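Reading through the structure tokens given below for one structure.
The values are calculated or read from the model by the stated rules, or taken from the named source; none is laboratory data. All values reported here derive from a predicted model rather than from experimental measurement. Because the Cβ atoms are built from the backbone with ideal geometry, glycine has one as well, and the counts that use them run over all protein chains shown.
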């Protein structure tokens, strides 16, 4: 009879918790960070403020499933991508209003906002 290498349950649980902390859990509330925000004009700020008030009431799973947010994962558009972030990072594209869009990426439980596109012109 072949002996299997079994991982003790507690070790498995610790590893699972560590991975969830790194990538974020889908049942955690979304928090928004603007550490990489590129556009800081007045129009973008008002769109972003309204968006933050709305999205921070949802979990990641709810944001993905709610049609109103229009969740899409894409490669970044051909615009200045922050140097600190890999260009291979998948971008999250969300609807902030009828025309407005938010571009960013997920970092644990945070949505790191990179661009606010109030008139939906970035992917034209």
Given (1) modelled with pLDDT of 85 or more; (2) exposed (fewer than 12 other Cβ atoms within 10 Å of the Cβ), number of the condition residue 105 does not satisfy: (2)
Residues (in contact with a strand residue (DSSP E or B) (Cβ under 7 Å, 6 or more places away or on another chain) and under 12 Å from residue 97 (Cβ atoms)) located in region 45-54: 47, 48, 51
Subset of region 56-73 that is out of contact with any helix residue (DSSP H, G or I) (no Cβ under 6 Å at 6 or more places or on another chain) and not in a helix (DSSP H, G or I) - its residue that is nearest to residue 33 (Cα to Cα): 56
Subset of region 29-44 that is surrounded by 14 or more Cβ atoms within 10 Å (Cβ to Cβ) and either assigned to a loop (DSSP other than H, G, I, E, B) or out of contact with any strand residue (DSSP E or B) (no Cβ under 8 Å at 6 or more places or on another chain) (or both) - its residue that is modelled with the lowest pLDDT: 39
